[in-house]
Amino acid sequence: MISTASAANADLVHSLGADQVIDYRTEDFSVALRDVDVVLDTVGGETLSKSYQVLKPGGFLISIVMPPDQEQAKAHDITATFFGHRSHAARLDLISGLCDAGKLRVIVDRTLHLSDMQDGLTHSASGRACGKILLRPAQ
Ligand SMILES: NC(=O)c1ccc[n+]([C@@H]2O[C@H](COP(=O)([O-])OP(=O)(O)OC[C@H]3O[C@@H](n4cnc5c(N)ncnc54)[C@H](OP(=O)(O)O)[C@@H]3O)[C@@H](O)[C@H]2O)c1
């Protein structure tokens, strides 16, 4: 598995299972990589635009940020789709079960009181959060 991250987060990303980490600030993954089986895009924009060319014919591109361009997908002979998660109780139970069983590791950036939600939203929008931002309800 190959992932992009800034150098400061390379060790963390390795610890989560990446075999190779590309520092997106100093290296262009779309130049470094070819014939990849699957791309999971969590950035969108230019990163998504550059993702088609790293895939092998028959590969899969999944973006959780924006719908991929179907013309580009056709031109590169790949399947490209947008994936949007909808939370519901059964799915959240499944995820919390995986956490409890130690099969899913959740990285927490920070925990805030509900009254500080605006700070959390601002931090999230900065694109610099490293993991989940948790909100604790008022006691
Ligand atoms: N479709 C869905 O169901 C769904 C669900 C959840 C999230 N999303 C979307 O997915 C996106 C990512 O969400 P997120 O929770 O991971 O939060 P995020 O706060 O947007 O992601 C932050 C991380 O992305 C890294 N990053 C920033 N710019 C990058 C770039 N150009 N290339 C590679 N990495 C980059 C940062 O690493 P460094 O700090 O190391 O630079 C940081 O660790 C958001 O747009 C969110 O809205 C969609």
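Nothing in this text is a laboratory measurement; each read-out follows from the coordinates by a stated rule. Since the model is a prediction, treat every value here as computed from it, not as a measurement. A quick note on method: Cβ atoms are made from the backbone with ideal geometry, for glycine too, and the neighbour counts reach across all protein chains shown.
Over every pair of different alpha-carbon atoms in region 2-82, take the mean of 1/r and invert it; report that Kirkwood radius in Å.
The Cα-based Kirkwood calculation yields 12.9 Å.
Note on Asp69 and Asp100: their simple-model spin labels are 4.7 nm apart, each label 7 Å out from Cα toward Cβ.
The chymotrypsin sites (Phe, Trp or Tyr not before Pro) of region 30-139 that DSSP puts in a loop, and whose beta carbon has at most 16 other beta carbons within 10 Å, are Phe83.
Taking every alpha-carbon pair within the chain, the share separated by more than 27 Å comes to 33 percent.
At a threshold of 8 angstrom on Cα-Cα distance, excluding pairs fewer than six apart, so keeping six or more, what relative contact order does the chain reach in percent? Don't jump to the answer; show the numbers that get you there.
Working: 183 pairs, mean separation 18.5, N = 139.
Relative CO of the chain lands at 13 percent.
Projected over every direction and averaged, the convex hull enclosing the alpha-carbon atoms of region 89-136 yields 3.9 nm².
Straightening the chain between Gln118 and Glu46 buys 23.1 nm, computed as 0.36 nm per residue apart minus the Cα-Cα spacing. Each Lys or Arg adds one and each Asp or Glu subtracts one; over the other residues with Cβ under 13 Å from the Cβ of Leu98, this totals +1. Summing +1 for each Lys or Arg and -1 for each Asp or Glu among the other residues whose beta-carbon sits under 10 angstrom from that of Lys56 gives -2.
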